[in-house]
Amino acid sequence: MPERNELTLKHFMSGLKRRNPGETEFHQAVEEVATYLIPYVAKYPKYHTAQILERMTEPDRIIIFRVCWEDDQGNVRVNRGYRVQFNNAIGPYKGGLRFHPSVNLSILKFLGFEQIFKNSLTTLPIGAGKGGADFNPKGKSDREVMRFCQAFMTELSKHIGESTDVPAGDIGVGAREISFMFGQYKRLKNEFTGTLTGKGLEFGGSKIRKEATGFGCIYFMQEMLKHQPDDLQGKSCTISGSGNVAQYAALKLIQLGAKVITMSDSSGFVHDPDGINEEKLNFIIDLKTVKRQSLAEYAKHYKLDFHKDQRPWSVPCQLAFPCATQNELNEQEAKALLHNGCIGVAEGANMPTTIGAIQAFQNAKILFAPGKASNAGGVAVSGLEMTQNSIRMSWSNEELDKRLRDIMIDIHQKCVDHGSEKDYIDYVKGANVAGFTKVADAMLAYGVL
Ligand code: NDP
Ligand code: 2IT
């Protein structure tokens, strides 16, 4: 048994698992962070005395509600809606909404927890939350999605607000869903405020928000390479996913002279050895966001191989960008990437890499950027959307792209400052420690609450 006052990872994790049984994704996200923060907290006893880690892993509150709606055949359908308001020490709760059949409390708690550190790293005054529903938008008509979004917002609207909690998109929640939800919020509250981000440009949305997560991820990789020094020119890149994050990661790679050779979706991956150019990418964007079909149609159209039910990590590449979902790159796949000469990985998705895979990359001392650093561009431009809404102004593409790039450069520098080892930069350590201190110091200042 550890001493009563001694904090060890094993002791901390066993308490967390006892309090949150069965929540495996939440355990995984906390373990990755605690591995670095427990030794840090041991060095600065003020955090331990105030039980900051214990408080940070307990959400401020969780709202769970029934969402009842009617499908096109007039059948009554029931889903479960959630909002995890995790931590508002440095600003209003902020984080996306996910609509996917796999959504459960464990997944939303892991996402909300990650958001604490990510949002802190952006330097903007935003706290952390996450929400969503086990609703599957796939195969639903626009009218069904509208009725679901309106029913979902009817309850959620009681718990959010421009200075309270500001949701945005995530898996299954894009421009269509945000528009339906914002319309319903405006109707119920009779106010026009920036309570959701990722809105349409006609009604308070920010330029570059749609592109921000993907672009930001590539800017982060650019910084890691520059530090070596190296660059993106001519590098072969595998991407997983073909949704919002993957699409704009691909676009920025193409614009910067790299070669994108794979994209994927939940039905498999496509390998395009000649490289996906802008014209082909536009085909994919239309296929996934307008037609809402499988990537297999892309393979068919361009006469390429479609690898059904497989992930792209067996394809030799220099850089890899997991941009689909959690735990989509395991240790065995990490070893395949390393074996094939991969020199850098940046997470566009949240927690796409398993703990074993991260260790494999770190043991091989290749560049590895955790999502809380490399995908922070999305929430950063959401924060800038909040600012523009508050001052009732909108900034230009150039202004926002510059701010996004500066934020990613700044996050990279913070990771270097806090994660530099003798001959390696541990970006996971850097992101966790740098993200932690701002939130922890705010919590200390508030006293015991
Ligand atoms: P989208 O819904 O736009 O796209 C998700 C993509 O991932 C689709 O290609 C989808 O395939 C695929 N996918 C989803 N679930 C699975 C699964 N279980 N197995 C295999 N493939 C899957 O979501 P986003 O692009 O917005 O989000 C992608 C990731 O990025 C998520 O981890 C999200 O949390 C993270 N993220 C998103 C941000 C944002 O601003 N949107 C910001 C920061 C992080 P299919 O089309 O077949 O469903
Ligand atoms: O994971 C994320 O950072 C997001 N889904 C974006 C959150 C936001 O509020 O823009």
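Which of the lysines could be linked to Lys422 by a straight reach, that is with a Cα gap under 26 Å, when you skip same-chain ones fewer than 8 residues away?
Lys43, Lys118, Lys226, Lys335, Lys365, Lys372, Lys414, Lys438
Using the Cα gyration tensor of the range 260-306, with a ≥ b ≥ c the square roots of its eigenvalues, what is the shape: rounded (a/c below 1.5), prolate (a/b larger than b/c) or oblate (neither)?
Note, shape of the range 260-306 comes out oblate.
Is the C-alpha gyration tensor of the chain telling us rounded, prolate or oblate? Criteria: a/c under 1.5 is rounded; beyond that, a/b larger than b/c is prolate, otherwise oblate.
Judged from the Cα gyration tensor, the chain comes out rounded (a/c under 1.5).
Give me the extension gain from Thr437 to Glu297: residue separation times 0.36 nm, minus the current Cα-Cα distance, reported in nm with one decimal.
Full-extension gain reported as 45.7 nm.
Percent relative contact order of the range 145-206, based on C-alpha pairs within less than 8 angstrom and at least six residues apart?
38 percent
Pull out the extension gain between Asp286 and Val448, defined as 0.36 nm times the separation in residues minus the alpha carbon to alpha carbon distance; nm, one decimal.
53.2 nm
For the range 343-352, just list the computed ³J(HN,Hα) in residue order, Karplus coefficients 6.51, -1.76 and 1.60, θ = phi - 60°, integers in Hz, with x standing in for Gly and Pro.
10, x, 9, 10, 7, x, 7, 8, 6, x
List the lysines whose alpha-carbon lies under 17 Å from that of Lys158, not counting same-chain residues fewer than 8 positions away?
Lys94, Lys130, Lys186, Lys189
Based on Cβ point charges of +1 for Lys and Arg and -1 for Asp and Glu, what charge dipole magnitude is obtained for the chain about its Cα centre, in debye rounded to the nearest 20?
It comes to approximately 820 debye.
Which of rounded, prolate or oblate describes the range 302-342 when judged by the alpha-carbon gyration tensor and an a/c cut-off of 1.5?
It is oblate, given that a/c is not under 1.5 and a/b is not larger than b/c.
Putting +1 on Lys and Arg Cβ atoms and -1 on Asp and Glu Cβ atoms, find which of Ala360, Ile285, Val381 reaches farthest to the positive end of the dipole of the range 274-389.
Ala360
Show me the helices of the chain, taken as full DSSP H stretches, that run 18 Å or more along their long axis by Cα and average -0.5 or above in Kyte-Doolittle hydropathy.
24-43, 105-121, 142-156, 209-226, 376-390, 427-446
Counting only C-alpha contacts under 8 Å and six or more residues apart, can you give the relative contact order of the range 118-254 as a whole percent?
It comes to 18 percent, rounded to a whole number.
Among all the aspartates and glutamates, which ones have a C-alpha under 20 Å from Lys259's C-alpha, if same-chain residues fewer than 8 places away are not counted?
Glu211, Glu223, Asp230, Asp231, Asp272, Asp274, Glu278, Glu279, Asp305, Glu347
Quick one: compute the contact order of the chain, relative version, from alpha carbon pairs under 8 angstrom and 6+ residues apart, as a percent.
Reported as a whole number, the value is 15 percent.
Could you give the distance between the Cα centres of the range 4-79 and the range 102-144, to the whole Å?
When both Cα centres are located, 14 Å separates them.
Dipole size in debye (nearest 20) for the range 319-449 around its Cα centre, Lys and Arg Cβ +1, Asp and Glu Cβ -1?
Dipole about the Cα centre, nearest 20: 120 debye.
With both bridge residues required to lie in the chain, what share of the DSSP beta bridges run antiparallel, to the nearest 5%?
55 percent
Cα centroid distance between the range 266-310 and the range 172-193, in Å?
31 Å
Given a Förster distance of 22 Å, report the FRET efficiency between Ala364 and Leu256 from their Cβ-Cβ distance, rounded to the nearest 0.05.
Working from the Cβ atoms, E equals 0.35.
Only the coordinates and a few stated rules stand behind these numbers; no lab work does. It should be emphasised that the depicted structure is a prediction, and the values quoted were computed from it without experimental measurement. When we count neighbours, we look across all protein chains shown, and the Cβ atoms used for this are built from the backbone with ideal geometry, even at glycine.
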